[in-house]
1. Return the calculated 222 nm mean residue ellipticity for the chain, to the nearest 500 deg cm²/dmol, obtained by summing -39500 (n - 2.57) across DSSP H runs with n ≥ 4 and dividing by the residue count.
2. Note down the accessible area of R81, probe 1.4 Å, to the nearest 10 Å².
3. Take the solvent-accessible surface of the protein heavy atoms, probe 1.4 Å, and return the percent of it on the chain that carbon and sulfur atoms account for.
4. For the range 77-139, what does the accessible surface come to per residue with a 1.4 Å probe? Please give it in Å².
5. Among rounded, prolate and oblate, which fits the range 6-112 when a ≥ b ≥ c are the square roots of the eigenvalues of its C-alpha gyration tensor, a/c under 1.5 means rounded, and a/b larger than b/c means prolate?
6. Just to compare against my own numbers: the Cα pair-distance distribution for the range 55-103, 5 Å bins, whole % per bin, please.
7. Relative to the longest principal axis of the C-alpha atoms of the chain, give the angle of the C-alpha long axis of helix 111-128, reported between 0 and 90° and rounded to the nearest 10°.
8. Compute, for the chain, the length of the dipole vector about the Cα centre, with Cβ point charges of +1 (Lys, Arg) and -1 (Asp, Glu) only. Units Debye, rounded to 20.
Amino acid sequence: MTFEPQVCAFACNWCGYSAADQAGAAKLEYPAGVKIVRLMCTGMMDPYYTLRAFERGFDGVLIIGCHIGTCHYGTGNVQARDEMARVARVLNALGLGQGRLLVDAASASEGPRFAKLANEFVERVRKLGPSPLREVIAQ
Ligand code: FES
């Protein structure tokens, strides 16, 4: 059976989510396994959200906010980037690997960029294979 990565994509309301919306409106394709969760700002990302996504069986976590310098709340995207750098170390320690986590940006008008990031990230996770937590959860 072909492995179809399941990716939890956290997107900020003002840029990431709007970009995803624009990608959809333009009928740009990205894998159906990408499930989007809208946050007001990626600065709201708590390490718990990331770890919980893996616990729920997702194979990867993608966080898409505004470009640096354009966060609607000032520096939420910088906070998210720094926070997730720490979470990446935890993922390595857990054996999941930091490759399953990506923090990036797409402005509200960058639907094609959102689709590209989603497609590239899914391919990256596909190469990593299913999350090792899947087996643990199934027990
Ligand atoms: Fe988009 Fe803060 S509002 S990252």
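The values are calculated or read from the model by the stated rules, or taken from the named source; none is laboratory data. Keep in mind it's a predicted model, so treat the numbers as computed, not measured. Here Cβ is always computed from backbone atoms with ideal geometry, including for glycine, and neighbour counts include all displayed protein chains. The area values use the complete protein model at the heavy-atom level, side chains included, leaving out ligands, DNA and RNA. Shrake-Rupley method; radii C 1.70, N 1.55, O 1.52, S 1.80 Å.
1. Working: 5 runs with 62 residues, N = 139.
It comes out at -14000 deg cm²/dmol, rounded to the nearest 500.
2. 120
3. Values: 4030 of 7350 Å².
Its accessible area is 55 percent carbon and sulfur atoms.
4. Averaged over the residues of the range 77-139, the accessible area is 56 Å².
5. Values: a/c = 2.23, a/b = 1.27, b/c = 1.75.
Verdict is oblate for the range 6-112.
6. The percentages, shortest bin first, are 5, 21, 25, 21, 14, 10, 4.
7. 10
8. The dipole of the chain has a size of about 120 debye.
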